[in-house]
1. For residue 116, which of the numbered conditions (1) closer than 30 Å to residue 236 by Cα; (2) surrounded by 10 or more Cβ atoms within 10 Å (Cβ to Cβ); (3) assigned by TED's automatic domain parsing to the domain that holds residue 19 fails to hold?
2. Collect the residues in the range 197-210 that are of a type outside the set (Val, Ile, Thr) and either outside the structural domain of residue 240 (by TED's automatic domain parsing) or part of a helix (DSSP H, G or I) (or both), keeping them in residue-number order.
3. Hey, can you tell me all the residues within the range 202-236 that are in contact with a strand residue (DSSP E or B) (Cβ under 7 Å, 6 or more places away or on another chain) and of a type in the set (D, E, K, R)?
4. Among the residues of the range 211-234, which ones are without any contact (Cβ under 8 Å) to a residue 24 or more places away in the chain and part of a helix (DSSP H, G or I)?
5. Could you list, in sequence order, the residues of the range 1-32 that are under 24 Å from the mean Cα position of the chain (by Cα) and of a type in the set (A, V, I, L, M, F, W, C)?
6. Which ones in the range 5-28 are under 18 Å from residue 152 (Cα atoms) and not aromatic (Phe, Trp, Tyr)?
7. I'm trying to understand the selection: among the residues of the range 10-24, which are modelled with pLDDT of 90 or more and farther than 18 Å from residue 57 by Cβ?
8. Residues in the range 25-34: is at least one hydroxyl-bearing (Ser, Thr, Tyr) and modelled with pLDDT under 95?
Amino acid sequence: DLVIDQGSDTFTVSYSASYVGPEGSRLDFRATIEGSADGQLVFDVSALPESDFETNRCGFCILHPIAGLAGSQVTVEHTDGSMVETKLPDLIDPWQPFKDLRAITHEVRPGVTAECRMEGDAFEMEDQRNWSDASYKTYVRPLALPWPYMLPAGEMLRQTISLRVSGDGKVPAAAATAEPIRVELGEAGPALPDIGVIIYPDEVETALANLPTLSALGPQQLMFHYDPTRGHGLDALQSYARLAAAYPVKT
């Protein structure tokens, strides 16, 4: 169900797809991508659950690069319409730098700006460098809300992401410096924090059967995920104790 239309200064891509969840639950959606020569790209998705559909997250994720943007000035529009002039984190931010997002605007190069507008839900941003990824991720369904959650049967869900690039593209970029890049080794800095591996109850037996691989990986911490609301009980704690004894590190 893929349709592609291309004009002299526009294009449109549309398609349909479905997700099938446990016990036969189903979510159908229709997506449309439209681009135009005036610098606008729009990605629109409408989703309709045939039955109650359980999900941890249903919506768009937008990645802004770290390179060239870290510490730069941005304009943030919140869901209540308020506007804030602020900056993207330069150093790694352990918390969400922006919440209740409707749009974020930044300079791409001198004289050129990009506005990313997110409609259909409240979005928020996290610093993906916390997980060694080189991006800021803007996602839907705030983490403060409970998850997983249910999409009710027959209730339409629609989200639209619009990217608009505007300004004078003829403004020349800053000339590259001709100075050579010099790298010098200095004194050793602080030790990196411990690296850990998260283990779920259904992964314990696999970990026990592959202790040499776990040792080669060398995590300094094992993080055991325990959630009674997901059916984890005494047997999960006992299996974690066996793994902690077999691989004695911080837990």
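1. Residue 116 satisfies all of (1) closer than 30 Å to residue 236 by Cα; (2) surrounded by 10 or more Cβ atoms within 10 Å (Cβ to Cβ); (3) assigned by TED's automatic domain parsing to the domain that holds residue 19 except (1).
2. Step one: of the range 197-210, the residues of a type outside the set (Val, Ile, Thr) are 200-203, 205, 207-210.
Within the range 197-210, 201, 202, 203, 205, 207, 208, 209 meet the criteria.
3. Hits for the range 202-236: nothing passes.
4. 212, 213, 216, 217, 228, 229, 230, 234, listed by residue number.
5. 13, 17, 20, 27, 29, 31
6. If we filter the range 5-28 for residues that are under 18 Å from residue 152 (Cα atoms), which is where we start, we get 18-28.
Residues satisfying the conditions are 18, 20, 21, 22, 23, 24, 25, 26, 27, 28.
7. 10, 11, 12, 13, 14, 15, 16
8. Keep residues of the range 25-34 that are hydroxyl-bearing (Ser, Thr, Tyr), which gives 25, 32.
Filter again for modelled with pLDDT under 95, leaving 25.
Looking for residues that are hydroxyl-bearing (Ser, Thr, Tyr) and modelled with pLDDT under 95, one finds at least one in the range 25-34, hence yes.
The values are calculated or read from the model by the stated rules, or taken from the named source; none is laboratory data. All of these numbers come straight from a predicted model, not from anything done at the bench. Please note: Cβ atoms are built from the backbone with ideal geometry, for glycine as well, and neighbour counts cover all protein chains shown.
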